[in-house]
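One structure is given here, and the rest of the page talks about it.
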Amino acid sequence: MADHGEVRTLNPDRLDPVSGGAGALGVYRPGFRYKKESLLFFKACVGEDVYAAAMNSDAGRAHHYTVARAFLDQADWEKFVWIEEHGSLDGFPE
């Protein structure tokens, strides 16, 4: 898990564009139905205080995946995206 000791400012203009085709691991494709499950995973990764601060920010209220990407390391981000698509880590390629 990433170190969350710093306060982060989210600037969507500085986020790298997402590339890759369907099924590319870690590529966020909006519209998946397991937002609640993915947010529970995000909370477990960063802890209650960081999660609350992130999700209560303007960015968190508007785009949950933006704050998740800012705080999760690459491995946890890939799991977050998988959970949002599949509802759990069942079948996640390790």
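What to note about this one:
- Taking all protein chains as they are arranged and a probe of 1.4 Å, the heavy atoms of S57 leave approximately 40 Å² accessible to solvent.
- Figure note: E48, E37, E84, E78 ranked by solvent-accessible area, largest first, 1.4 Å probe, ligands and nucleic acids not counted: E48, E37, E78, E84.
- Added length on full extension, which subtracts the Cα-Cα distance from 0.36 nm per residue, H86 to S57: 7.8 nm
- Neighbour-limited loop hits for chymotrypsin sites (Phe, Trp or Tyr not before Pro), region 52-94 (at most 14 other Cβ within 10 Å; DSSP other than H, G, I, E, B): none
- Most to least accessible of H64, H86 (protein chains only, probe 1.4 Å): H86, H64
- Accessible surface ranking that places the most exposed of L40, L89, L72 first, with a 1.4 angstrom probe: L40, L89, L72
The values are calculated or read from the model by the stated rules, or taken from the named source; none is laboratory data. Because the structure is predicted, anything quoted here is derived from the model rather than measured. Methodologically, a virtual Cβ is constructed for each residue, glycine included, from the backbone with ideal geometry; neighbour enumeration extends over all protein chains shown. Areas reflect the complete protein model, heavy atoms only, side chains present, ligands, DNA and RNA absent. Shrake-Rupley method; radii C 1.70, N 1.55, O 1.52, S 1.80 Å.
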